[in-house]
Each structure stands twice: as C-alpha cells, then as structure tokens.
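The block underneath contains the structure these notes are about, expressed in structure tokens.
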C-alpha cells in the first residue's frame, strides 16, 4: 500500500496530467472508487467522475497547473492541504486551503 505522501503526490499529478491514460493511472493510485471531492459549487463522487472533472478543468483552462501551498494534514481517510491553480498565463484561477480543502480519497487509498 502506498504511503500518504505517495498517494497525495499522485493526486496532485493527476490534476496536472494532460494525458487521459496517465490521469487514469494516477487516479488508480490515489482515488478510491467511492472517493468524494466537494467544494462550494460541486460534488464529484467516484473515480470515473473525478477523471471527467479533472479532464474538464484542463480542457476549459489550457496550461493550468495545480500546486500545493502547504504541507499535508492526513488522518483517517481524509487529506487536507493548501492549493492553488494557475492558468496557462500564470494568473491564479482558484485557490483554497486548510481547513476548506478536503478531499476524501477513500479508505482503500489513503492512510
């Protein structure tokens, strides 16, 4: 089983993967079939939906990149961290952080 750090690294890499097959491979490492991502305006449930969600963000925002802006805080089946999404022109598209950014990865993937 992957460590929390390996799972979290795969998760960020999945956000940045422009290749569908690579994104799917990374999500197989980090996102459980029943994983849930929530935000103020969305809820993404399941690995297949997460794959579509991430791909859609990259299609709508060519060149976008996600970076972490804090260390990880992990316990049970959840991880939280600060993050920022940059557009291709390096302007900030979105950002969030502790405690508002929770990603339930599913017990089979996280610590």
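The values are calculated or read from the model by the stated rules, or taken from the named source; none is laboratory data. Every value quoted in this text rests on a predicted model; they were computed, and no experiment measured them. Cβ sites come from the backbone with ideal geometry, for glycine too, and all protein chains shown count toward neighbours.
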Worksheet item: Are any of the residues in the range 87-96 buried (at least 18 other Cβ atoms within 10 Å of the Cβ) and modelled with pLDDT of 90 or more?
Response: no
Item to complete: Could you give me the residue pairs with C-beta distances under 8 Å whose first residue belongs to the range 32-49 and is free of Cβ contacts under 8 Å to residues at least 24 places away in the same chain, whose second residue is assigned to a loop (DSSP other than H, G, I, E, B) and surrounded by 16 or more Cβ atoms within 10 Å (Cβ to Cβ) wherever it lies, and which are 6+ apart or on separate chains?
Response: 45/35; 46/35; 47/31; 47/32; 47/35
Worksheet entry | Check on residue 66, in a loop (DSSP other than H, G, I, E, B) and either crowded, with 16+ Cβ neighbours inside 10 Å or touching a helix residue (DSSP H, G or I) at 6+ places or on another chain (Cβ under 7 Å) (or both) | no
Item to complete: Mind listing whichever residues of the range 32-60 are assigned to a strand (DSSP E or B), at pLDDT 90 or above and buried (at least 17 other Cβ atoms within 10 Å of the Cβ)?
Response: 44
Worksheet item: Among the residues of the range 36-48, is any closer than 24 Å to residue 90 by Cα and in contact with a strand residue (DSSP E or B) (Cβ under 9 Å, 6 or more places away or on another chain)?
Response: yes
Practice prompt. Considering only the range 6-31, state which residues are surrounded by 20 or more Cβ atoms within 10 Å (Cβ to Cβ) and farther than 15 Å from residue 52 by Cβ.
Written response: 7, 8, 10, 11, 30
Response to the item:
Scanning the range 12-31 residue by residue, those under 19 Å from residue 95 (Cα atoms), part of a helix (DSSP H, G or I) and in contact with a helix residue (DSSP H, G or I) (Cβ under 8 Å, 6 or more places away or on another chain) turn out to be 13, 14, 15
Discussion item. I'm trying to understand the selection: among the residues of the range 69-85, which are over 17 Å from residue 35 (Cα atoms) and surrounded by 13 or more Cβ atoms within 10 Å (Cβ to Cβ)?
Written reply: 69, 72, 73, 82, 83, 84, 85
Discussion item. Kindly evaluate residue 9 against the criterion of being under 22 Å from residue 75 (Cα atoms), touching a residue at least 60 places away in the same chain (Cβ under 8 Å) and assigned to a helix (DSSP H, G or I).
Written reply: no
Worksheet item: Which residue, of 101, 108, is surrounded by fewer than 16 Cβ atoms within 10 Å (Cβ to Cβ) and modelled with pLDDT under 85?
Response: 108
